[in-house]
Amino acid sequence: MSFYEQHILPHVIDFACGDKVIMEQRQHVLAAAEGRVLEVGMGSGLNLRYYDPNKVDFVWGLEPSDGMRKKAQKNLQQSPVQVEWLGLPGEEIPLDSHSADTVVLTFTLCTIPDWETALEQMKRVLKPGGKLLFCEHGAAPDEAVARWQNRVNPLWKKIAGGCHLNRKIPELITQAGFSIRELEADYLPKTPRIAGFRYRGFAQ
């Protein structure tokens, strides 16, 4: 891992993903988390404040980046729920099958290199009847915006930790065998359109 990825990128991501608009999205989706939760791509722990300790038993935080785990220490200390780090990528989830009641994906699926394997692993560890809660940015439906997403994406990936602007999030989720039960899709306010088309909902 490069110096930029280890020491600079965690601060950039934490700042961008801690924007007020993004935090409101996190709070909304996490209201439905319950039981034993697997959060994939926990990053700096921005979601932790929104877990309800009356509904959530504990959280497994899957995060491969040492830099992001170090950045998370303050949020961990203030967390209302117990957290156990899993320092592996989303393609390698070291949990038993059907062990999580809830899987959480917030602004993470855009960065996972092998998204198909990662989603298959999430489906494996999710209990029957459990929920995959997601809030992700991705491919915009407007042709003009989509063209710019495709143009900018190669450079964007290099400076944004592998983040893809143009992934079709609902298609990825359903291709992995999930059934989407609820979906909202629109542009986030006060956010550049190429990075601001949001998909939010849950799947089983």
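The values are calculated or read from the model by the stated rules, or taken from the named source; none is laboratory data. Here the structure is a predicted model, which is why all the values come from computation and not from measurement. Methodologically, a virtual Cβ is constructed for each residue, glycine included, from the backbone with ideal geometry; neighbour enumeration extends over all protein chains shown. Side chains included, ligands, DNA and RNA excluded: accessible areas come from the protein's heavy atoms. Shrake-Rupley method; radii C 1.70, N 1.55, O 1.52, S 1.80 Å.
Fully extending the segment from Q204 to Q27, taken as 0.36 nm per residue of separation minus the present Cα-Cα distance, adds 61.7 nm. Here the Karplus curve 6.51 cos²θ - 1.76 cosθ + 1.60, taken at θ = phi - 60°, turns the phi angles of the stretch 25-30 into couplings of 5, 4, 4, 5, 6, 6 Hz, with x standing for Gly and Pro. Rolling a 1.4 Å probe over the protein chains gives D66 an accessible area of about 70 Å².
Taking the charge dipole of the chain about its Cα centre, with +1 at Lys and Arg Cβ atoms and -1 at Asp and Glu Cβ atoms, the residue from S79, S97, A203 reaching farthest to the positive side is S79. Out of residues 5 or more away from T111 or on other chains, whose amide H comes under 5 Å of its own, with H placed 1.01 Å from N in the peptide plane? Here the answer is H164, since their amide H atoms fall under 5 Å of that of T111. Between D114 and R49, the contour length at 0.36 nm per residue exceeds the alpha carbon distance by 20.5 nm.
Solvent-accessible area per residue in the chain equals 49 Å², computed with a 1.4 angstrom probe and all protein chains kept. Amide H to amide H distances under 5 Å link V83 with V59, where only residues 5 or more positions off or on other chains count and H is placed in the peptide plane. Taking θ as phi - 60° and the Karplus parameters 6.51, -1.76 and 1.60, the scalar couplings of the stretch 167-179 work out to 6, 8, 4, x, 5, 4, 5, 6, 5, 7, x, 7, 10 Hz in sequence order, x denoting glycine and proline. Dipole size of the chain about its Cα centre, with +1 on Lys/Arg Cβ and -1 on Asp/Glu Cβ: approximately 480 debye, rounded to the nearest 20. Within the full protein context, the accessible area of H28 is estimated at about 100 Å² for a probe radius of 1.4 Å.
Using 0.36 nm per residue and subtracting the Cα-Cα separation, the extra length available between D142 and Q82 on full extension is 17.4 nm.
Extending 7 Å from the Cα toward the beta-carbon at both R124 and T174 defines two label points whose distance is 2.5 nm.
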